[in-house]
1. Rank M34, M215 by accessible area, highest first, at a 1.4 Å probe radius?
2. Mean-square fluctuation check for the chain, GNM, Cα pairs under 10 Å: which of S24, S153, S58 is largest?
3. For the chain, what does -39500 (n - 2.57) per DSSP helix run (n ≥ 4), summed and divided by total residues, give at 222 nm, in deg cm²/dmol to the nearest 500?
4. When only the heavy atoms of the protein chains count and the probe is 1.4 Å, how do R228, R16, R108, R86 rank by accessible area, highest first?
5. I need the Debye-formula profile for the stretch 1-136: one equal scatterer per C-alpha, no solvent, reported as log10 I(q)/I(0) at q = 0.12, 0.16, 0.18, 0.21 1/Å, two decimals.
6. Using only Cα atoms, figure out Rg for the stretch 96-182 and give it as a multiple of 2.2 N^0.38 Å.
7. Can you sort K134, K216 by solvent-accessible area, 1.4 Å probe, largest first?
8. Compute a Gaussian network model of the chain, connecting alpha carbons closer than 10 Å, and tell me which residue from P136, P98, P172 fluctuates the most.
Amino acid sequence: MGDVALAVRQVRYTNRSFWRNPASAFFTFAFPLMFLVIFTALFGNDTIRVFGEEINTSTFYVSAIAAFSIITATYTNIAIGVSFTRDQGVLKRVRGTPLPAWAYLFGRIAHAILVAFLLVIIVAAFGAAFYHAKIPTRTLPAYILTIVVGAASFAALGLAVTAVIPNADAAPPVVNASILPLLFLSDIFIPIQNPHAWYVTLAKIFPVYHFSQAMKAAYFSPVGNGVRGNDLLVIGIWGVAGAVLAARFFSWEPRR
């Protein structure tokens, strides 16, 4: 069997393993919906302006939580999951099998991107059903492009950050410390009221802010095709940097 066929089969195995842990699968999909309900309950009665259009805050959070779902499915889950499999010796054993190392990682990344797409569909359907949020049919190609670029880039960054995680027990705090502050600063958990504030300038350095803007443009843009080229470029640069760092510093051996 060729390497490509082995990689495709690894995606199936990873997917099967994911669904064989129903508790983990349930919370993977329930967590974003929980945030959507909480934030819309707290802020959903206000209106905000997004790309020149007045929208309900509840509608804003449908796009914001979709972006959060993708980041969670790729960056967070890959960084924590790979750290645990590394410390359990799974990665070391994989390298002793005929399966190419890249095929194993491809299976993890491809599965994470598939989960991200499914999460976006669930969040969008939930928002349309309960908050009358529109589905971005006119800008759907831009929306799909943004999801693919964002998911691939955050997956690469998730692999890269494993290089600074000393052990599996440290994985959740390290990963959450690196992403949670940015979620609050980057127009995801809390809408940005002052685009010239110092924290917005800080947030623009990182890919979370640009992903948030690209997702909202593809969701709400009243004119144009919804593609935010500059934001996608920044996200892509971060993704390439993550892939380079992962290739250089990724460890298959347990950290002891």
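The values are calculated or read from the model by the stated rules, or taken from the named source; none is laboratory data. All figures in this text were calculated on a predicted structure; none of them were measured in a lab. The accessibility values were calculated without ligands, DNA or RNA, using every heavy atom of the protein model including side chains. Shrake-Rupley method; radii C 1.70, N 1.55, O 1.52, S 1.80 Å.
1. Largest accessible area first, the residues go M34, M215.
2. It is S24.
3. Counting only the DSSP helices, I get -23500 deg cm²/dmol.
4. Of R228, R16, R108, R86, the descending order of accessible area is R16, R228, R108, R86.
5. For the stretch 1-136 at q = 0.12, 0.16, 0.18, 0.21 Å⁻¹, log10 I(q)/I(0) is -0.58, -0.84, -0.97, -1.19.
6. Output field value: 1.39.
7. Most to least solvent-accessible, the answer reads K134, K216.
8. Of the options given, P98 has the highest mean-square fluctuation.
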